[in-house]
Amino acid sequence: MNHQIKKDDNPDLIEERSKATFDTDAFGAFIWGGYNNLKRRREIARYYEDHKELHDTVPIAFMTREEKLENAYRKASIFENHIKKACDVNNPEEVRYFNWLVYHIDGHPTSVHSIMGFPTIINQSDKEQQERWLQSGENREYLATYAQTELGTNIKKLETTATYDQKTEEFILNSPTVTSLKWWPGNMGHSHNVAIVMAQLWINNKCYGPHPFFVQIRDPKTHKPLPGITVGDIGPKFGLNTTDNGFLKLDHVFPNGTYVPPVHDKIAYSSMMLVRAIITPLMGENLCIGATIAIRYSAIRRQGEIKPGDGEVQILDYQTQQHRLFPQLARGIAFLLAGRNTYNFCNNVLKDIKNGDVSLLADLHAILCGLKAISSYQAELGLEQCRMACGGHGYSAASGFPLLNSNQFNGVTVEGDNLVLLLQVARYLMKRAKEIRYEIRYGQQPSKPNEIYDYLFDDAPKKCLIDQAYVPNYKNVLESFEYLSKKLTLQAYDKLEQLKQRGRTSEVAWNECSVELCKAARAHIRTFLARTFINEVNQVNGLPLLTVLKDLLQLYLFYEVKECMAGLMEDGYMLGQQLHYVKKNIYEALSKIRPNAVSIVDSFDFTDRELNSVLGRRDGHVYENLLKWAQASPLNKHDVLPFHHKYLGRMMEEARQKSRL
Ligand SMILES: CCCCCCCCCCCC(=O)SCCNC(=O)CCNC(=O)[C@H](O)C(C)(C)COP(=O)(O)OP(=O)(O)OC[C@H]1O[C@@H](n2cnc3c(N)ncnc32)[C@H](O)[C@@H]1OP(=O)(O)O
Ligand SMILES: Cc1cc2nc3c(=O)[nH]c(=O)nc-3n(C[C@H](O)[C@H](O)[C@H](O)COP(=O)(O)OP(=O)(O)OC[C@H]3O[C@@H](n4cnc5c(N)ncnc54)[C@H](O)[C@@H]3O)c2cc1C
């Protein structure tokens, strides 16, 4: 049953919705982690709808950058009055959802304080520092950005220095070169007044590596930059233009404090882990939003005929359209599920770290790096598919895609470039490969059992078992991913070792293998995503929901097999006939999903505010609203533009006069 049917909706959508073979609320509960969460989302969305002061005054596509910032500042100033009424503030998902509704996707002036600056203070300060800054940070008496990236350096080689002056017992923060300027930190340009500055700590001429420092950059009252601070906005960007990403130069600035060494030398990196954990489900959500817009639009758009004479069809009936869109839906769901799992894993590990236990830190770091890299890359490609699937209207800001996709583009870069992060996964895999090749063979214990990588120590069948069974065997597909991942891991490891034996240094050998190392990392993450999707579906009871989830899982798994078929076939593991079965499974899954497609996207329960798209409107009344949207454009405020006669009008008039002469 589809709970979204309303009698005044577009008839094509009513027809689609009436075909649902499952309960959309049951699907929604599966996606959002239970019926109560689904109910809470609806209550929060209703709260947002009922409070007009939290809405945008005009669509942000029509605003200048200054207007965007002012609009977001205005909302930030009243946000605190609302959040406690709208949400359980101790529930991060509720808070995130309310933020999303109020500010939407283009950033806002308190975001980096919430996701990076303040969490750094919570997780990386001692008791005395917490007494001083915790409550005031929570109250937003100050707003802290996270200033790590520099104009020209990587983090191990950061150039900003924090030198301890023994006489005055102070740290002196300094940007010694132009390349040491902090560049990019969100909200640093104008809105935040404190920066958590990552700087190389120097004590007694010894460097202790990058450490975070709490630095007041603007006067708390006047908000003017403090002496020694040069700060500003870095200018317009591809997306996130409601955020004032900034630059910062520190000229011998003196914050105060004492140095306490952390329990692990990578603790200073924990804020990045938290954001990576948030990014993966976010990528899933973005992709599901894109798929919702494109699928609903494809259900109301009629173009061309399939059977001549039968009339124009919904473009969703074209197999090519399904092949373009449904895999995005399946991938979006895979990222949401894996993201939710690893977010919980991340919070547990961060709790362990607080108690001095860092044993799972490396496992967590590798999986977060890999998921962030794969989900952001595939979501970017997938959203482009969604945009292209909407034809010309997909290119209009009215579709929502320009804002959605341009913001999505930062996902592959923020919190570490994707290739750099895949190489972190590869480092981790090479350690497992070393255990397989040497340590176990010589009687040493492998690392302790862990579902994330145990398969590397088992032997998957040497032959691919994918067959033409009517009910696909997911275990056979998972084993194919495991086989490929293990093969690529060991191949990269063996190549590394050979290069080293031929005299290359470890670093040079690493660089010469880095393309293959990234391939191994991708295969490992593909295996993780597939396993998580299978595990989650296996826990579902209730046949109608289970059936539609299995259709999506079938598409996901076989689509991913097809994506990596070269690696599976090159050594004869998978045969040509099996590739044929793979494709057959994909096409079958597309046609099974087709009648439920609109109901699946309805199940996500995205509001029109979240979709921000005339094409993806829940009621399907696209064309009349496209006209309304265009008429609201500031360009259409005047029948004749105020500068028309000054230029074009004059040009035409002069041309007319000339031709009369
Ligand atoms: C639309 C969506 C957007 C929505 C969101 C919008 C908000 C955007 C906010 C964006 C904010 C930012 O971008 S803030 C800035 C974020 N910046 C980054 O993420 C920089 C990315 N770079 C890094 O994290 C680092 O440079 C690395 C991890 C790539 C490399 O670090 P490194 O110190 O040079 O380490 P390296 O020699 O390679 O490795 C040393 C050892 O440390 C380990 N190691 C490294 N990191 C960690 C870690 N966190 N936890 C445990 N262990 C770690 C390695 O595994 C390795 O172990 P072993 O093998 O030796 O045992
Ligand atoms: C929208 C946005 C918001 C941001 N917000 C913040 C913030 O709040 N705080 C903050 O501190 N930073 C922030 N950043 C900075 C961001 O974290 C960095 O841009 C990101 O980590 C990549 O670093 P880089 O720009 O120095 O790229 P570089 O390190 O210069 O990488 C450029 C390219 O070189 C290649 N490359 C680099 N190193 C390697 C390697 N070791 N091996 C192989 N290839 C390599 C990769 O292809 C990479 O894409 C933000 C960036 C953006 C775009």
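Out of the total accessible area of the chain (probe 1.4 Å, heavy atoms of protein only), what percent is carbon and sulfur? Before the final figure, lay out each step's value.
Values: 16950 of 31110 Å².
That fraction is 54 percent.
Fully extended, how many nm does the chain gain between residue 625 and residue 237 (0.36 nm per residue separation, minus their Cα-Cα distance)? If you can, show how the numbers build up before the last one.
Numbers: separation 388, 0.36 × 388 = 139.68 nm, distance 2.90 nm.
Once the chain is fully extended between residue 625 and residue 237, it gains 136.8 nm.
In Å², what does the accessible area per residue of segment 143-259 work out to with a 1.4 Å probe?
Numbers: 5420 Å² over 117 residues.
Roughly 46 Å² per residue, with all protein chains present.
Excluding same-chain residues fewer than 8 positions from residue 221, which lysines have a Cα within less than 23 Å of its Cα?
75, 249
Once whole DSSP H runs in the chain are found, which of them have Cα atoms spread over 18 Å or more along the helix axis and a mean Kyte-Doolittle score of at least -0.5?
Answer set is 270-300, 319-354, 361-388, 418-434, 514-538, 543-563.
Given an 8 Å cut-off on Cα distances and at least 6 residues of separation, report the relative contact order of the chain as a percent. Write down the numbers at each step before the final one.
Working: 983 pairs, mean separation 97.9, N = 661.
That works out to 15 percent.
Expressed as a whole number of Å, what is the distance separating the alpha-carbon centroids of segment 193-251 and segment 19-80?
Answer, in whole Å: 32.
Within a Cβ distance under 15 Å of residue 21, other residues only, what is the Lys/Arg minus Asp/Glu net charge? Please report the intermediate quantities before stating the final value.
Working: positive: 17, 19, 550, 592, 594; negative: 15, 16, 23, 25, 551, 602.
Residues close to residue 21 contribute a combined charge of -1.
Sorting check: for 84-93, 187-196, which peptide has the highest mean count of neighbouring beta carbons within 10 Å, and how do the rest follow? Don't jump to the answer; show the numbers that get you there.
Details: 84-93: 13.8, 187-196: 25.7.
My ranking of the peptides, most packed first, is 187-196, 84-93.
Taking only C-alpha pairs under 8 Å that are 6+ residues apart, what is the relative contact order of segment 33-109 in percent? It would help to have the intermediate numbers written out before the result.
On the way: 46 pairs, mean separation 31.8, N = 77.
Dividing the mean separation by the residue count of segment 33-109 yields 41 percent.
In segment 368-385, which residues have a backbone nitrogen under 17 Å from the label point lying 7 Å from residue 348's Cα in the Cα-to-Cβ direction?
Inside the label zone: 368.
Accessible area per residue for segment 1-136 in Å², computed with a 1.4 Å probe and the full protein assembly in place, what is it? Display every interim value, and only then the final one.
On the way: 6880 Å² over 136 residues.
Value returned for segment 1-136: 51 Å² of accessible area per residue.
Send over the per residue convex hull volume for the chain, Cα only, as a whole number of Å³.
Values: hull volume 153.4 nm³, N = 661.
Enclosed volume per residue, from the Cα hull, is 232 Å³.
Defining a contact as two alpha carbons under 8 Å apart and six or more residues distant in sequence, what relative contact order in percent does segment 489-631 show? Show your work: numbers first, answer last.
Numbers: 63 pairs, mean separation 21.0, N = 143.
Relative contact order for segment 489-631 comes out at 15 percent.
Amide H of residue 217 versus every other amide H placed in the peptide plane: which residues, excluding those fewer than 5 positions away on the same chain, fall under 5 Å?
194, 195
When the chain is fully extended, how far beyond the present Cα-Cα distance does residue 52 get from residue 80, taking 0.36 nm per residue of separation? Please list the in-between numbers first.
On the way: separation 28, 0.36 × 28 = 10.08 nm, distance 1.53 nm.
Answer, rounded to one decimal: 8.5 nm.
Pop a pseudo-label 7 angstrom from the Cα along the beta-carbon direction at both residue 541 and residue 514 and give the gap in nm to one decimal.
So the label points at residue 541 and residue 514 sit 5.2 nm apart.
Using 21 Å as the Cα-Cα cut-off, could you pick out the over-long pairs in 550/584; 206/354; 431/463? Could you put the intermediate results ahead of the total?
Numbers: 550/584 16 Å; 206/354 27 Å; 431/463 26 Å.
The answer is 206/354; 431/463.
Separation of segment 119-190 and segment 617-661 by C-alpha centroid, Å?
Here the answer is 50 Å between Cα centres.
Can you tally the net charge around residue 294? Count Lys and Arg as +1, Asp and Glu as -1, for every other residue whose Cβ sits under 12 Å from the Cβ of residue 294.
On the way: positive: 296, 301, 324, 387; negative: 384.
After counting each charged neighbour, the total is +3.
Once the Cβ-Cβ distance between residue 129 and residue 166 is put in as r, and R0 is 22 Å, what FRET efficiency do you end up with, to the nearest 0.05?
On the way: r = 21 Å, r/R0 = 0.94.
Once the sixth-power term is evaluated, E becomes 0.60.
Excluding same-chain residues fewer than 8 positions from residue 658, which lysines have a Cα within less than 22 Å of its Cα?
Here the lysines satisfying the reach criterion relative to residue 658 are 646.
Can you spot the lysines whose alpha carbon is less than 16 Å from residue 462's alpha carbon? Ignore those fewer than 8 places along the same chain.
Within the straight-line limit of under 16 Å, residue 462 reaches these lysines: 475, 486, 487.
Ranking request for peptides 124-134, 592-602, 317-327: highest mean number of other beta-carbon atoms within 10 Å first, then the rest in descending order. Walk me through the intermediate numbers first.
Numbers: 124-134: 13.9, 592-602: 22.7, 317-327: 18.5.
Output ranking for 124-134, 592-602, 317-327: 592-602, 317-327, 124-134.
Once you list every other residue whose beta carbon is under 13 Å from the beta carbon of residue 421, what net charge do they have if Lys and Arg are +1 and Asp and Glu are -1?
Working: positive: 276, 372, 427, 522; negative: 415, 417.
Summing Lys/Arg as +1 and Asp/Glu as -1 gives +2.
Would you mind telling me the antiparallel percentage of the DSSP bridges in segment 143-259, rounded to 5?
On the way: 24 of 31 bridges.
Antiparallel bridges: around 75 percent, rounded to the nearest 5.
For every helix of n ≥ 4 consecutive DSSP H residues, a contribution of -39,500 (n - 2.57) applies; sum these over the chain, divide by its total residues, and give [θ] at 222 nm rounded to the nearest 500 deg cm²/dmol.
Details: 22 runs with 342 residues, N = 661.
Mean residue ellipticity, 222 nm, calculated: -17000 deg cm²/dmol.
Give the accessible surface of segment 269-420 per residue, rounded to a whole number of Å², with probe radius 1.4 Å and ligands, DNA and RNA excluded. Each step should come with its number before you reach the end.
Details: 5080 Å² over 152 residues.
Using a 1.4 Å probe on heavy atoms only, each residue of segment 269-420 averages 33 Å².
Tell me, what is the FRET efficiency for residue 640 and residue 155 to the nearest 0.05, using R0 = 60 angstrom and their Cβ-Cβ distance as r? Mind dumping the intermediate values first?
Numbers: r = 55 Å, r/R0 = 0.92.
FRET efficiency, residue 640 to residue 155: 0.65.
The values are calculated or read from the model by the stated rules, or taken from the named source; none is laboratory data. Everything numeric here is computed off the predicted structure, so don't read it as measured data. Neighbour counts are summed over all protein chains in view; Cβ atoms, including those assigned to glycine, are modelled from backbone coordinates with ideal geometry. To get the accessible areas, we keep the full protein, side chains included, count just its heavy atoms, and leave off ligands, DNA and RNA. Shrake-Rupley method; radii C 1.70, N 1.55, O 1.52, S 1.80 Å.
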